[in-house]
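Engineer: Let me give you the structure first, and then I'll get to my questions.
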Amino acid sequence: MAGPVSFVTGREPGGGRSTRLPVSVLGMGRMGRGIAGRLLDAGHAVTVWNRTSGKAGGLVDRGADERSTPEAATSGATVVLASLTDDDAVRSVLAPHGRPLALPPDTIVVDCSTVSPATTRFLAATYPGAFVAAPVLGSPEAVASGSATQLVAGPEDLVDRLAPVWSATAARTVRCGDDPARASELKLLNNYLLLAGVATLAEVVATAQRAGIEDGFLEAFLGSSPLVATGLHNRLEQVIGRGGEGWFATPLGAKDMSLALSMAEGMGLRLPLAEAVHQVYRRAADEGLADADIAGVVSLYPR
């Protein structure tokens, strides 16, 4: 059983600021680069890897050591931190051929990716007593500025040992208990709320625009409405302006909704609303909006 959820606002006491760790960051997408940059800013020794080269140049200029394979990147790490696209990527990198990476003794493996609880349980079994799940709530910009929230679940002693990492990478940590899968469950539920909210907002905006309501008035009206969740405000302008590229692309939205549905189905639940939301993002990804931010689903509804 997972322990009770505890919320830690701000830096943890002491913050682990005096401890400098050798950390390997696997995955140089925007999230991974943001995390690696925060770790560099905190003075940690950071080694990075990405499946395709060329994404870590700015980090190398700031002192990161880029390696050509995960094995090379993790050879001297105390902490191995992954930020990868999906379950397949996480499993292939952290457990190639179903086996753990050859890591130094006492190395802690941390997965910050958005993946299924099943993959998180698999990784916890692959690295018994040495695995923590820590998915991120927030945009890459929030990560880079240190204002993101991190969901953290795993053995309490490991979570405590990683205080210097949390201090560097997040403004707030949410301790979700000792079962790493709990963090993955909560991340998927959080993303379900976001994705459903954006899909609803897109339909409201599209209907208002079709009715001839002026965009400036609409933005002011919805921006002051208590019925528009705070977490949607940073996408309101983008939805009204009909999207563009962004960090959370529609295929990733479809992927996360699929994972949420699978999680519910595994518990005997059918979620008709989640099914409809999943279809919105799947349709957007299939109909020319694969590079658009999730706010781009508004383009499914012509003005």
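No value in this document is a laboratory result; all are computed from the given coordinates. For clarity, every value in this text was computed on a predicted model and none was experimentally measured. Quick reminder, even Gly has a Cβ in these numbers, built from the backbone with ideal geometry, and neighbours come from all protein chains shown.
Engineer: Roughly how compact is the range 84-153, stated as its Cα Rg over 2.2 N^0.38 Å to two decimals? Kindly include the intermediate steps, with their values, before the conclusion.
Structural biologist: Details: Rg = 12.7 Å, N = 70, 2.2 N^0.38 = 11.1 Å.
Here the Cα radius of gyration is 1.15 times the empirical estimate.
Engineer: Right, another one. Hey, of (1) 64, 46, 38; (2) 47, 43, 36; (3) 60, 50, 35, which did the structure itself give for Cα extents along the principal axes in Å when calculated?
Structural biologist: (1)
Engineer: Turning to a different aspect of this structure: Build a GNM of the chain with springs between Cα atoms under 10 Å: which of Ala181, Ala133, Ala95 gets the top mean-square fluctuation?
Structural biologist: Maximum among the listed residues: Ala95.
Engineer: From the phi of every residue in the range 177-183, what ³J(HN,Hα) in whole Hz does the Karplus formula 6.51 cos²θ - 1.76 cosθ + 1.60 yield, where θ is phi - 60° and glycine or proline is x?
Structural biologist: x, 8, 8, x, 4, 4, 5
Engineer: Another question, if that's okay. Just the number: Rg to Rh for the range 185-300, Cα atoms, Kirkwood Rh, two decimals. Mind showing how you got there, number by number?
Structural biologist: Values: Rg = 14.2 Å, Rh = 14.4 Å.
Ratio of gyration radius to Kirkwood radius: 0.99.
Engineer: Provide the net charge surrounding Arg210, with neighbours chosen by a C-beta distance below 15 Å and charges set as Lys +1, Arg +1, Asp -1, Glu -1. Show your work: numbers first, answer last.
Structural biologist: Working: positive: Arg242, Arg303; negative: Glu203, Glu214, Asp215.
Summing Lys/Arg as +1 and Asp/Glu as -1 gives -1.
Engineer: Treating only the Cβ atoms of Lys and Arg (+1) and Asp and Glu (-1) as charged, compute the dipole magnitude of the range 185-300 about its Cα centre; round to the nearest 20 debye. Working shown, then result.
Structural biologist: Values: 8 positive and 14 negative charges, 49 e Å.
The dipole magnitude comes to about 240 debye.
Engineer: May I pose another question? Please get the size of the charge dipole for the range 78-156, origin at its Cα centre, with Cβ charges of +1 on Lys and Arg and -1 on Asp and Glu, quoted in debye to the nearest 20. Spell out each step's value before the answer.
Structural biologist: Numbers: 3 positive and 7 negative charges, 37 e Å.
Computed charge dipole of the range 78-156: roughly 180 debye.
Engineer: Which whole-number percent gives the relative contact order of the range 185-300, counting Cα pairs below 8 Å spaced six or more residues apart? All intermediate terms of the calculation are to be shown ahead of the outcome.
Structural biologist: Working: 138 pairs, mean separation 44.0, N = 116.
Taking the mean separation of contacting Cα pairs over the length of the range 185-300, I get 38 percent.
Engineer: Still on this structure, please answer the following. For the range 205-269 and the range 33-65, what is the centre-to-centre distance using only Cα atoms, to the nearest Å?
Structural biologist: When both Cα centres are located, 32 Å separates them.
Engineer: Taking just the C-alpha trace of the range 157-213, give me its Rg and Dmax in Å.
Structural biologist: When restricted to the Cα atoms of the range 157-213, Rg and Dmax are 18.6, 58 Å.
Engineer: If each of Arg99 and Asn234 carries a label point 7 Å out from its Cα toward its Cβ, how far apart are those two points in nm?
Structural biologist: Distance between the two pseudo-spin positions: 4.2 nm.
Engineer: Stretch Glu156-Val60 to full length: gain in nm at 0.36 nm per residue minus the Cα-Cα span? Please report the intermediate quantities before stating the final value.
Structural biologist: Values: separation 96, 0.36 × 96 = 34.56 nm, distance 3.28 nm.
Answer, rounded to one decimal: 31.3 nm.
Engineer: Ok, one more. With springs only between Cα atoms under 10 Å, which of Asp157, Asp291, Asp65 fluctuates most in a Gaussian network model of the chain?
Structural biologist: Asp157
Engineer: Can you tell me which of Thr85, Thr119, Thr230 moves the most in a GNM of the chain? Springs connect C-alpha atoms under 10 Å apart.
Structural biologist: Judging by the Gaussian network model, the answer is Thr230.
Engineer: Report the local net charge at Thr250: Lys and Arg +1, Asp and Glu -1, summed over other residues whose C-beta lies under 10 Å from its C-beta. Each step should come with its number before you reach the end.
Structural biologist: On the way: positive: Lys255, Arg282, Arg283; negative: Asp286, Glu287, Asp291, Asp293.
Around Thr250, the charge tally is -1.
Engineer: Let me know the Rg and Dmax you get for the range 119-158 when you use only its Cα atoms, in Å.
Structural biologist: Values for the range 119-158 (Cα only, Rg and Dmax): 12.4, 33 Å.
Engineer: Can you divide the C-alpha Rg of the range 39-84 by 2.2 N^0.38 Å and report the result to two decimal places? Present the calculation step by step, with values, prior to reporting the outcome.
Structural biologist: Numbers: Rg = 10.1 Å, N = 46, 2.2 N^0.38 = 9.4 Å.
In units of the 2.2 N^0.38 Å rule of thumb, it is 1.07.
Engineer: Under a no-solvent Debye model with one identical scatterer per Cα of the range 103-215, what's log10 I(q)/I(0) at q = 0.14, 0.16 Å⁻¹?
Structural biologist: These q points yield log10 I(q)/I(0) values of -0.62, -0.74.
Engineer: With no solvent and one point on each alpha carbon, what is the Debye value of log10 I(q)/I(0) for the range 6-178 at q = 0.11, 0.13, 0.15 Å⁻¹?
Structural biologist: For the range 6-178, the Cα-only Debye profile gives -0.38, -0.54, -0.75.
Engineer: Taking a virtual spin label 7 Å from the Cα of Glu141 along the C-beta vector, which residues in the range 239-265 bring their backbone nitrogen under 13 Å of it?
Structural biologist: 239, 245-248
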